[in-house]
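Reviewing the structure listed below.
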Amino acid sequence: SSALSIRQLTKTYGNGFQALKGIDLEVSEGDFFALLGPNGAGKSTTIGILSTLVNKSGGTVEVFGHDLDRDPSGLKRCLGVVPQEFNFSQFEKVFDIVVTQAGYYGIPLKVAKERAEQYLNQLGLWDKHDVPARMLSGGMKRRLMIARALVHEPRLLILDEPTAGVDIELRRSMWSFLSELNQKGITIILTTHYLEEAEQLCRHIGIIDHGSIVENTSMKALLKTL
Ligand code: ADP
Ligand code: ADP
C-alpha cells in the first residue's frame, strides 16, 4: 500500500514566488526514499506542507490514506517529521522534551516516559536525559529531534537533511539507526545533499529542481546511468 501520495502539489508564497509547480510523488509502505535536489529546489517547502507548518496552494496529500485536508489529525498520527531547525525549547530538559511531545498525541504519561527512555537510549542520549537541551552539541540535538519525532510511533518518518553538519562517525551511526528502523517496517523519507547517504540507505530516489520532480527512479537504476 501507499505510505505517501502527493498529487499536483503547488505552493505560491505570499510574495508571489512559486516554490512548488505541481509535484507528484508516490512512496510505498516500507520504502526508504531519498529526495535530492539543490538549494531552493522546494524540499523544505514540501516537508513544511506535510508537517502542516506551510499551507499548500493546491493539490492533494495523503499519508496512509489520511487526506491532509479532510483528516489532518489522522495524518499527523501516522507521521513523524524531523525538521532542519532545532525547534524545541533550549531550556527544557531532554527527557521532558520527548515526554511533552508524547502528550500532544494523547499518550498516557507512563507509556510516554517508557518510550522516551527507550528512544533516548537507542540514540545514545540517555546519559543526557536530565540536562537542558541548550547544553547539547549539534549532533546530540539532531538525535533528540529524532527521538521526539518517534515517540508516537509513526509509520512514516520524514527527515530534512538529518546528517547535515554532522561528523562522519555520527553520520554512520545515524545511518545504521535509520536502517534498523526501516527494517522494523517504518517507511522513511529523507532529504540529503550527500549522494553517498542516499546510495547507502535508500531504495528509491526522487530528484526535485525548481519546484518540479525531474526524476523518480530506483537507486539501482540511477547508479547504472552515472
Ligand atoms: P505564506 O504565503 O505561506 O503565508 P509568507 O510569504 O507570508 O508565507 O512568508 C512566511 C515567512 O517566510 C515570512 O516571515 C517571510 O518573511 C519569510 N520568507 C520570505 N521569503 C523567504 C525566503 N525566500 N526564504 C525563506 N523565508 C522567507
Ligand atoms: P530547499 O529546501 O530545497 O532548499 P525551499 O523549499 O526551502 O528549498 O525553498 C524553495 C524556494 O522557495 C526557494 O527559492 C526559497 O527562497 C523560496 N521560499 C521559501 N520560503 C519562502 C517564503 N516564506 N516566502 C517566499 N519564498 C520562500
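The values are calculated or read from the model by the stated rules, or taken from the named source; none is laboratory data. Just so you know, these numbers come straight off a predicted model, no measurement behind them. All Cβ positions, glycine included, derive from the backbone under ideal geometry; neighbour counts span all protein chains shown. Please note that ligands, DNA and RNA were not included when accessible areas were found on the heavy atoms of the full protein model with its side chains. Shrake-Rupley method; radii C 1.70, N 1.55, O 1.52, S 1.80 Å.
Remarks
- Taken together, the residues in the stretch 6-35 that are assigned to a strand (DSSP E or B), more than 16 Å from ligand 1 (Cβ to nearest atom) and surrounded by fewer than 18 Cβ atoms within 10 Å (Cβ to Cβ) amount to 6.
- Scanning the stretch 36-56 for residues that are within 11 Å of ligand 1 (Cβ to nearest atom) and either touching a Phe, Trp or Tyr at 6+ places or on another chain (Cβ under 7 Å) or within 17 Å of Pro72 (Cα to Cα) (or both) yields Gly48, Ile49, Leu53, Val54, Asn55, Lys56.
- Residues that are aliphatic (A, V, I, L, M) and open to solvent by 50 Å² or more (accessible area, probe 1.4 Å), drawn from the stretch 83-110: Leu109
- Looking only at the stretch 153-173, and only at residues there that are assigned to a strand (DSSP E or B) and not charged (D, E, K, R), the one that is nearest to His193 (Cα to Cα): Leu159
- Residue within the stretch 43-57 that is near ligand 2 (Cβ under 10 Å from one of its atoms), open to solvent by less than 70 Å² (accessible area, probe 1.4 Å), farther than 21 Å from Leu156 by Cβ and touching a helix residue (DSSP H, G or I) at 6+ places or on another chain (Cβ under 8 Å) present: no
- Verdict on Glu62 being under 30 Å from Met135 (Cβ atoms), surrounded by fewer than 22 Cβ atoms within 10 Å (Cβ to Cβ) and either within 13 Å of ligand 1 (Cβ to nearest atom) or under 19 Å from the mean Cα position of the chain (by Cα) (or both): no
- Within the stretch 7-42, the set of residues being out of contact with any helix residue (DSSP H, G or I) (no Cβ under 7 Å at 6 or more places or on another chain), within 10 Å of ligand 2 (Cβ to nearest atom) and not β-branched (Val, Ile, Thr) comprises Tyr13, Gly14, Asn15, Gly16, Phe17, Gln18, Pro38, Asn39, Gly40, Ala41, Gly42.
- Subset of the stretch 183-226 (residues that are of a type in the set (D, E, K, R) and not in a strand (DSSP E or B)): Lys184, Glu196, Glu197, Glu199, Arg203, Lys220, Lys224
- The residues on offer are Gly185, Gly206, and the sole one that is touching a residue at least 12 places away in the same chain (Cβ under 8 Å) and on the phi > 0 side of the Ramachandran plot is Gly185.
- Residue list for the stretch 36-62, filter: assigned to a loop (DSSP other than H, G, I, E, B) and of a type in the set (Lys, Arg): Lys56
- Among all positions in the stretch 44-56, there is at least one residue which is touching an Asp or Glu at 6+ places or on another chain (Cβ under 7 Å) and under 29 Å from Leu223 (Cα atoms).
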